[in-house]
Amino acid sequence: MSTLLIRGGRVIDPASSTDATLDLAIRDDRIEAIGKGLSSARVDRVIDAAGKLVVPGLIDPHVHLREPGHEHKETIASGTQAAVVGGFTSVCCMPNTAPALDAPELIRFVYDAAARTGACRVFPVAAATKGRKGEELAEIELLAQAGAVAISDDGDCIPTAGVMARVFGAVARTGLVFMQHCQDPTLTRGASMHAGEISVRLGLTGWPREAEEIIIERDVRLARASGCRYHVQHISSAGSVEIVRKARAAGARITAEASPHHLILTHEACEHYNTSAKVNPPLREASDRDAIRAGVADGTITVLATDHAPHADFEKSLPFEEAPMGLLGLESALPLYAEALVHTGLIGWPRLIAMLTLEPARLCGLDAKGLGVLRAGGIADVTILDPDAAWTLDAGALKSRSRNTPFAGRSLRGRATATIVGGVVRHAL
C-alpha cells in the first residue's frame, strides 16, 4: 500500500466544474479524497503544489509511437517517457505502423507492449482499411472488440466516397469515432508545403487548403447519413474551421482538433528549406493560424492533440521535398498551447485543461474507463502543472528517440512538474 498527498494546489476538474485550492490524497491507484486540510499523517510522500495546477492526467488522442516497424524513430517505451515528461498520462496511438494496426492481434500487441514497457497508458487506434490502402475494409467490429478506441487510416485519407461511406457504416455500428486525415491526394501529389508565396519563392510544389476542405465537406455529408461520429484531425485551414463550425451548428456529430504547431507557426517556418517545419497538413498562413485560435475560443474546436510524429535525423536531413513530414509534440505541447491560447487571453486554464482531459476522454470513450476526471474513488491519473515555469526547449534532452522539432531553443512558459499514472509518480522535477 502506498499513499501520496498533493497539498495546496489549484485543483481544476472540468467534469465537476471544480476550480479551487484543495488537497488531493491518493492511496495505491485510487484518489482517496479531495478537500481542504487533508491530514498528512501516515502518508508516504507529500508534494507541495502551492502555486501549481492539479488536474486530471492529460490525454493526447493523436500520437505516433512507431512500434511495430519503425522503432528507429520511436518506441512505445520512449514515446510514453516523452508523454509523461509532457504531463500526459494517456495517449492514443495511430495505426500507421508496419504492419498497420488492422488486425485484432496487432491491437493486443500494442496493449501488451505498453503493459511491459510503457510509462503511461496507451490506447490503440485501429486502421479502417486493410494495410491502410483505402480499398478493402478491415474487420472493424473485431478491432473494436479487441480494444481499439477509435478508427482511422491516419497518415492517409480514405480517398473514395464509396469506401468512406462503407467505413462510416461499419464504425457507426461499433459506437466508436472515425478520425479522418483530411487530404485529397489528387490535389497534393508532389506537394511538400502550403501553396503560397513562400512555396513559390522556394520552388516547391504547393499544397492547397482545398485538399483538406473538400474532404471535410464530403465526409460531413456521408457521416450524417450513417450516424457515425466524425473527427477532423490536425485542422489547418480557416476554411476548414468554418465548415466544421457550420456543421456543428446544424447538429452534425463532428468534432475537430488543433495541434500546437498549427496554433503557433506559419509557413514562414519553412524558410531556408527547414525540414523540421515540414508537416502534414502543412503550416499555412497567419490568417489560418488565427482562425484556428478563434475556432478554439468559440468552441468550434473542442480537442487539442499533438500529432507527435518522430523521425530520425538522417531522414529529416534529406532535401526538403524528400524529407518525411512531421514533428515532435509531446514534451513541448503544454507551454505552446498556453502561449497560443491562454497567454493571449482567448481562453482560461479551465477550458484549456478540459480540451486536454475531458474532451479527448469523451472522444475516445476513455471517460467510460474513468479517465479524464478527478473524483474520490476514481483512478489516480493526475498531472501537476507549474503555469509560470520558464524554461528553454533543449532538443538534446528530449526523451523521444528523435529530435525533429522546430521549437528547439525556444523560450517556453509552463510545464508539468509531476505526472502520476495509476498512483505512481512517473515524472517529477
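General remarks:
- Residue-level analysis places Asp298 among those that are over 25 Å from Gly86 (Cα atoms), surrounded by fewer than 17 Cβ atoms within 10 Å (Cβ to Cβ) and within 21 Å of the chain's Cα centre (by Cα).
Conditions tested, residue by residue: (1) surrounded by fewer than 18 Cβ atoms within 10 Å (Cβ to Cβ); (2) among the β-branched types (Val, Ile, Thr).
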position	(1), (2)
Val43	yes, yes
Leu65	no, no
His72	yes, no
Thr80	no, yes
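- Note on region 281-295: residues that are within 30 Å of Pro319 (Cβ to Cβ), surrounded by fewer than 21 Cβ atoms within 10 Å (Cβ to Cβ) and either out of contact with any helix residue (DSSP H, G or I) (no Cβ under 9 Å at 6 or more places or on another chain) or of a type outside the set (Ser, Thr, Tyr) (or both) amount to 2.
- Wholly enclosed helices (runs of 4 or more DSSP H) of region 281-349 bearing at least 1 residues in the same structural domain as Ser237 (by TED's automatic domain parsing) and of a type in the set (Gly, Ala, Ser): 286-297, 333-337
- Criterion applied to Ser90, Ser39 was being of a type in the set (S, T, N, Q) and in a loop (DSSP other than H, G, I, E, B), and the one residue passing it is Ser39.
- Residues that are more than 22 Å from Thr302 (Cα to Cα), polar (S, T, N, Q) and touching a residue at least 40 places away in the same chain (Cβ under 8 Å) occur in region 183-201; there is at least one.
- Hits in region 220-249 (condition: of a type in the set (Ser, Thr, Tyr) and more than 21 Å from the chain's Cα centre (by Cα)): Ser226
- Being out of contact with any Asp or Glu (no Cβ under 8 Å at 6 or more places or on another chain), among the β-branched types (Val, Ile, Thr) and assigned to a strand (DSSP E or B) is a property that holds for Thr383.
- Applying the criterion of being part of a strand (DSSP E or B) and of a type in the set (Ser, Thr, Tyr) to the residues of region 388-429, the residue that is surrounded by the most Cβ atoms within 10 Å (Cβ to Cβ) is Thr419.
- Residue within region 124-143 that is out of contact with any Ser or Thr (no Cβ under 9 Å at 6 or more places or on another chain), modelled with pLDDT of 95 or more and assigned to a loop (DSSP other than H, G, I, E, B) present: yes
- When the strands (runs of 3 or more DSSP E) confined to region 169-269 are screened for residues that are at pLDDT 95 or above, at negative phi and polar (S, T, N, Q), those reaching at least 1 such residues are found at 177-180, 254-258.
- Put simply, of Ile243, Ile254 the only residue that is assigned by TED's automatic domain parsing to the domain that holds Ile347 and either touching a residue at least 60 places away in the same chain (Cβ under 8 Å) or in contact with an Asp or Glu (Cβ under 7 Å, 6 or more places away or on another chain) (or both) is Ile243.
- Some residue of region 252-259 being closer than 24 Å to Pro310 by Cβ and in contact with a Lys or Arg (Cβ under 6 Å, 6 or more places away or on another chain): no
- Test result for Val91, crowded, with 24+ Cβ neighbours inside 10 Å, closer than 23 Å to Gly423 by Cβ and in contact with a strand residue (DSSP E or B) (Cβ under 6 Å, 6 or more places away or on another chain): yes
- Taken over region 318-345, the criterion of being small (Gly, Ala, Ser) and closer than 29 Å to Leu53 by Cβ is satisfied by Gly329, Ser332, Ala333, Ala338, Ala340, Gly345.
- Per this entry, Ala50 is not counted among residues that are touching a helix residue (DSSP H, G or I) at 6+ places or on another chain (Cβ under 6 Å) and surrounded by fewer than 24 Cβ atoms within 10 Å (Cβ to Cβ).
- Being at pLDDT 95 or above, within 21 Å of His427 (Cα to Cα) and part of a strand (DSSP E or B) is a condition met by no residue of region 71-84.
- Residues of region 301-317 satisfying the condition of being surrounded by fewer than 24 Cβ atoms within 10 Å (Cβ to Cβ) and either over 16 Å from Val342 (Cα atoms) or in contact with a Cys (Cβ under 7 Å, 6 or more places away or on another chain) (or both): Ala312, Asp313, Phe314, Glu315, Lys316, Ser317
- Only one of Ser236, Ser199 that is of a type outside the set (Lys, Arg), farther than 30 Å from Glu136 by Cβ and buried (at least 19 other Cβ atoms within 10 Å of the Cβ): Ser199
The values are calculated or read from the model by the stated rules, or taken from the named source; none is laboratory data. Please read all numbers here as calculations on a predicted model, not as lab measurements. Using ideal geometry, Cβ is built from the backbone for each residue, glycine included, and neighbour counts are taken over all protein chains shown.
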